[in-house]
Every structure is written in structure tokens, then in C-alpha cells.
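A quick write-up on the structure given underneath.
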């Protein structure tokens, strides 16, 4: 609780006077923005624990199950870079965040009435459009902090992000037990609209417009930290979406997990990741980005490699806790690293590049995972995921001489 108070005080100081641009934001704006962010991620993740099993229950193949999960990344692959560049060009961020909530609600609504797997595919793809706006939301919040404390700002908004995921995934399975999957989708749609209500009163200060979009994009996208962070994160996202958000849940169902168990499993993973986001700030500020990311990747990769040896739900939950710690450390540090050396007026562009590249992993993970599971068995998905996570961490050790501040 003491750590939480420290972070809140830092947020308040950032808003009240760390930089001239922060003075237009009040504590009320911050709280409303945080609430809207919480509801945004709740809308996107309330049904995540039950979605793979729900798709499989409709009688589709494992390849199609992977396709439904991967559809979430399609729009992100296409839109994250242009959304970030567009936001920097117009100097506005709030309209993009509002639009994200509306798309999140619409996608959940489509899935609530989906009669087949292709309808699920379409609905989840619409929620991918919503997730593309996270490029803008995360940079919006990070602007409350000085450049030296970028990791702290990213850590706090990631804490809100992960806290919402924990709540959503834990409740989603319970709600499905009480009613059914369709009701869970409908509740998610309503929560997205509620998030819009929280966000509308938030005031926004117009940023300096970036009128040299193409030239700035080329310059920003070649930043060494951004490139290393992006490709490392791509492999970590592949590992996470091929296993944790897809075939770990299928595997758990096969060893006897029910809908509420699936919610507990995902919630345990995300809960550990949430705590790790706060630990990340401490480790980065004291030991550096490289140490923090390496530790997180080693934990995540190692636990994925031993997952096929598990035969009981309790042990699988314990492994998910460890995997979540690894994910929280590595993802939060990589996200902060990606924008650390970029000018504030270009950070949405940089975040767009970073998130578009890692969205490749979000898309490829479930698709390739489905193909691998169908051809070589579900155990092979975990071996592949663990190895690629370790490779992602190793990428940060290449050409470090060009940026010795990791």
C-alpha cells in the first residue's frame, strides 16, 4: 500500500507541475482517464478466458480457434502505425481514445450475437481496431511524466491496464458459469459504453502538431532502442498469444478445468503481471532496462517450456503466476524503452511503430500455434513459445555499442 501511495504522489506531482504542459490536467482528469482505461481493458478481456473453449465448443478445428484469437491482431497490424502518426499530426489524442472504447463495445456486441466461428472472428477483429488506439492512450498518460521518469509513467498505466485484465478475466469465467458466453459478451459491450461516459469530461491540451509526418516517421522508426524493443516484444507477444491467451486455456480445459477455472488461470497470470509492472519501475531505475528485460524473459521462457509436463490444475496455476511475473517485467520495460529517446511530439508515432511490430506476434502466435498444435500436438506450442521468448530477450544483446544506456 505504501508503494501505491508513492506512485500516486508522483502522478499528482507530474500533473501539477513537472512540465508546463501538465498544468492543464487536474487530478480529476487523471482519475477519470484511469477509470476509462480500466473499463476499456475490461471490455476487451472479460471474455478472453472463455473465448477459445467457446469457439472449440462450436465445433471448429484448432486451426480456426487460433484464427479467431489471431483476428484481434489483424487491425492492430494495419492501424497502429497510422493511428500513432495521425494523432501526432493533428495534435489530438482524446478523440482516438473515445473511438477505441466505442469499437471495443461494438466488437463485444457482435460476438454476443455471433452464430458461428466466422462471426466470432469478425467481432474479435473489430475489438482489434479498439486495441490499436492503445498507442495513443499510453502516450497520453506518459506525457504526465518527465522524460527521466517515462518508465514510471508507463509502469503506472500498465498497472491500470493489467489490473483491469485481472478483474475482467477473473470475473468472466464466473459470469459464464452463472449465465453463458453470450451474456459475458453483452456485459462487456455495456462496460465499453460506460467507459465513454467517464472519458468525455476529461480535458485535453492540444499538442504541437507534427507537420513533417513522413520525415519524422523515418527518423523515429530508426531509433535503436525502438527497433530492439519492438522486435523483442514481437517474439514475446507471439509466445504469449500462442500459449497463455490461446492454447494454455485449451490445455487446461483438457485436464479438467471449467469456465471459472479458466478465469482463475488467466486471472492468476495477469495478477502476477500486474504486480510485476510496479516492480519493473524499481528494477529499471536501479539496475537498468537490460537486466530487467533479461530477468523477465528468462522467467517467462522457462515456465512455458515446462508447461507440457503439468497434469494438475493447481500446478498449472502456479506456473501461470511465474509466467505472469516474467511477462510483467519484460513487457513494461520494453514499452518504456521504446519511447525513452523519442521527442514528446513524436511519441505516439514511436508507440505506433512499437505496437504494430509486436502485433505481428499477436497475430502469428495463435495462427502458427494452431497449425503446430494440429500437426505436432499441443505440447509443441509451448516448446516453440518458450524458445521464442528466450530469443526475444537475446535480441537486446546485439549492437549494444550503438546505445550503451540499456
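Extent of the chain along its three principal axes (Cα atoms, max minus min coordinate, largest first): 56, 46, 44 Å. Once the Cα-Cα distance is subtracted from the 0.36 nm per residue extended length, the residue 254 to residue 345 segment shows a gain of 27.9 nm.
Comparing 110, 31, 244 in a Gaussian network model of the chain where C-alpha atoms under 10 Å apart are linked, the largest mean-square fluctuation is found at 31.
The distance from the alpha carbon centre of the range 316-382 to that of the range 47-71 is 19 Å, rounded to a whole number.
As a footprinting exposure proxy, order 329, 283 by other Cβ within 10 Å, with the fewest listed first. Walk me through the numbers before you get to the answer.
Numbers: 329 27, 283 20.
So the residues, fewest neighbours to most, are 283, 329.
Which angle between 0 and 90 degrees, to the nearest 10, do you get for helix 347-376 versus the longest principal axis of the chain when only C-alpha atoms count? It works out to around 10 degrees.
Overall, the ratio between the Cα radius of gyration of the range 62-106 and 2.2 N^0.38 Å, rounded to two decimals, is 1.44. When you restrict to C-alpha pairs under 8 Å that are six or more residues apart and normalise by the size of the range 2-402, the relative contact order lands at 27 percent. Each distinct pair of alpha carbons in the range 287-336 adds a 1/r term; the inverse of their mean, the Kirkwood radius, is 11.2 Å. Rounded to the nearest 500, the 222 nm mean residue ellipticity of the chain from helices alone is -26500 deg cm²/dmol, with -39,500 (n - 2.57) taken per DSSP H run of at least 4 residues. Computed from label points 7 Å out along Cα-Cβ, the spacing between residue 306 and residue 194 is 3.9 nm. Considering only 311, 43, 167, the mean-square fluctuation computed in a Gaussian network model of the chain, springs between alpha carbons under 10 angstrom, is largest for 311.
Placing a pseudo-label 7 Å from each Cα along the Cα-to-Cβ vector at residue 286 and residue 371 gives an inter-label distance of 4.4 nm. Here the Gaussian network model covers the chain, with springs between Cα atoms less than 10 Å apart; of 71, 338, 221, 221 fluctuates the most. Taking label points 7 Å from Cα along the Cα-to-Cβ direction, residue 122 and residue 102 give a separation of 2.0 nm.
Relative to the dominant Cα principal axis of the chain, helix 27-45 is inclined by about 20°.
Every number here is computed from the coordinates shown, using simple stated rules; none is lab data. Since the structure is predicted, the reported quantities are computational estimates derived from the model, not experimental observations. Virtual Cβ from ideal backbone geometry, glycine too; neighbours counted across all protein chains shown.
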